[in-house]
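A short worksheet on the structure shown next.
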Amino acid sequence: MLLVAGTPQGASAMDPIMATSDVREGMSGKAYTVIDSSSAIRSFDVDIVGVLSNGKGSNPMIMARANGPLIRQVGGILQGMSGSPVYVDGKLVGAVAAGLKDMTPYTFFITPIENMTPLWEMPDTKNKTHIRTVDLKKFAADQKKAKEEAEKKAKEKQKDGDASAKSNQEVQDFLDQELAKIKAKEESGIAAKNGDKKAEPADVLYLSGFDANSIRFLQDKLPIGSAFQLMPMGMPMVAGEKKTDYHATLKPGSPVGVAIVYGDFAVGATGTVTATDGKRILAFGHPFLHKGNVNYFMTKASIVGTISGQSNGMKLANIGDIIGRINQDRDTGIAGKLGDFPSVVPIKVKVTDKSLNRTQDFAARIAYDEDFLPQISGGIAYAAMSKVSDNLGASTANVKFTIRTNAVKSGKVERSNMFYNTADVGQIAVAEIMQGMNLICSNTDKESDILDIQADITMDSERKTASILSATPDRMKVAPGETVKFTVTIKPYRRDKETLLIPYTVPENQREGVLNLDVRGGGLVPVTSLMLLQQSGVDVATEPDKKQTTEEKLKNFQNGGRNNDIVIGPGSLPVGEMTDRQKKEALREAQKAADAAMAANKKHGHQVNLLGVKKKDPQTGETKFATKYIIDNVVHTTLKIEKKK
């Protein structure tokens, strides 16, 4: 009778609980967990040592010792046992939560269950975006009902002589259309934002699909510090077996997983279920990432085995099928609901290595988190590059990507660029994917829907860089609005020189006098008159970036110079190359332009740049010319602007 009373009751209803105030030193009970691939929930003995309080506003912890054959077999309390329910006299006391590092592995702490159950009542405002993943189980029921109603109406029309095969076809067309909509939605998802608390350690953070290089990349980029023990494993070997289980059940003591990425790449952790109440679950007994109200995958987990150590033994596990959504990640544990699924941002990455003649496609779903989504999307792209190409050093990468989102009126953010790096081209090649995602995720006006991310990356071990040797105009004197043809000579790396003919049109409102021009690579920052003026200590007010809308920022991002562009535009000679007279003249010109800009701001309420061109004016005074090389330098030239005849 005692054994039956002390055994977890299952997933249908919450087990009776014992209040922390009723816990006494010397009480004995049992904890339940899974330790091997049999999936059998087994027990070990627990002796209560006492209750520790951390003062006002803190959650108490129950100190206990584990003993018995099972716990001696595995070597004590292991990472991965977190959440294992502890029962005393048939009542649930709490969850195995933590041990003392470098101390005996048989002494541990229990998070009281009465501090975990409030997680079920915490506010849940996530997963509220406009595009949602679809509950196919519910859709199947709705579809069946709709079909029955449609067939009923069709029969009624036939009775009235107003129906025929056409009615049946209309019914079938309707059902086909609805099914097509659902299939389209199933492949889409959208983000729901999370809190901003600093991460605290889960037992083990599994990074499946990532190699050593990409794990280091993520550890450096993600705001998790060094708190986590990263494990390059945690997913079934057969990728096609990963799916969604709409009928899953869990019991106290069952393994459970939580993931923020799922697919060919996965990032998550596993632990143990503490309590269930219908479809609601509590687990871990400590935070996963300590993010508060969240929008993560709840998954099955299968235990592979245990590894014992002097102080840091662990249960190794695989993350399995998606079974629900984790919506709370707080100090006392995680909580979620079976059969309720998070919104997602699908990402697809295609990588081609021309040198190795390899092409491979990768796909994953990211549960949206504004703190992690930019870094994880970049990390997935980096991992895909690293897995296809066995060497990211001294390589050229051509990156094209599209983010489908309502953050811009066009419905998508597109960008392409070329990159080269002697050490690791992947580090810089994925930076713009992260930048674009960060601009969308940091939208201060609204939560922008993101349909998906698609990236196409081509790798080449050949160095494709070039330097500009000269840029000569076909004439030196020109009037505003006229076009000059520049003969630009470039020298590609270890190749013969090449000559390009690039037209440049002088802005209509360019003032008379000398026009300094930069002929540079698109990725290089030009030295403008404003920069020169600021270097001399003059305070020139400019429109702050924060006044721009997210759409304006994204437009600037998309239209920004590419590394393989040759850009001809207004610039200034570097200070080190100027004579004193040239410096004084440049400063005078810059001051005049700045005064004119600020006067226009004051009078008309709009920003004017140093050429006197309104920001909305499509004529920017720049020409961009795409090449097949990364242009790595800048040369300076001048034109003399004269009045129109």
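The values are calculated or read from the model by the stated rules, or taken from the named source; none is laboratory data. Bear in mind the structure is a predicted one, so any value in this text is a computation, not a measurement. Using ideal geometry, Cβ is built from the backbone for each residue, glycine included, and neighbour counts are taken over all protein chains shown. Heavy atoms of the whole protein, side chains included, go into the accessibility calculation; ligands, DNA and RNA do not. Shrake-Rupley method; radii C 1.70, N 1.55, O 1.52, S 1.80 Å.
Just a few scattered comments:
- Treating r as the C-beta distance of S410 and K640 and R0 as 56 Å, the FRET efficiency rounds to 0.90.
- In order through segment 342-350: 3J(HN,Hα) via Karplus (6.51 cos²θ - 1.76 cosθ + 1.60), integer Hz, x for Gly, Pro: x, 5, 9, 10, x, 10, 10, 10, 10
- The modelled label-to-label distance for the pair S38/K446, using points 7 Å beyond Cα in the direction of Cβ, is 5.7 nm.
- Cross-link table K553/K628; K221/K387; K350/K628, entries beyond 25 Å C-alpha to C-alpha: K553/K628
- Placing pseudo-labels 7 Å out from each Cα toward the beta carbon at M122 and D390 gives an inter-label distance of 4.6 nm.
- For segment 371-434 versus segment 278-342, the gap between their alpha-carbon centres in whole angstrom: 30 Å
- Here the calculated FRET efficiency for Q219 and S355, from their Cβ-Cβ distance with R0 = 22 Å, stands at 0.20, rounded to the nearest 0.05.
- Protection proxy ranking of 621-634, 364-377, by the mean of other Cβ atoms within 10 Å over each peptide's residues and highest first, is 364-377, 621-634.
- Extension gain for K400-K477 works out to 23.7 nm (0.36 nm per residue, less the C-alpha to C-alpha distance).
- Solvent-accessible area assigned to carbon and sulfur over segment 59-125 amounts to 55 percent, based on a 1.4 Å probe.
- Computed over segment 18-123: relative contact order in percent, which uses C-alpha pairs under 8 Å that are six or more apart: 26 percent
- Label-to-label distance, L500 versus D47, with points set 7 angstrom from Cα along the beta-carbon direction: 7.9 nm.
- Karplus-derived 3J(HN,Hα), 6.51/-1.76/1.60, for each residue of segment 20-27, Hz, glycine and proline x: 4, 5, 8, 7, 10, 4, x, 5
- For the peptides 515-523, 635-643, 457-465, residues were scored by their other Cβ atoms within 10 Å and the scores averaged per peptide; the highest-first order is 515-523, 457-465, 635-643.
- Residue-wise HN-Hα couplings along segment 510-522, as the Karplus relation 6.51 cos²θ - 1.76 cosθ + 1.60 with θ = phi - 60° gives them from phi, are 5, 6, 5, x, 7, 10, 7, 10, 9, 10, 9, x, x Hz; Gly and Pro carry x.
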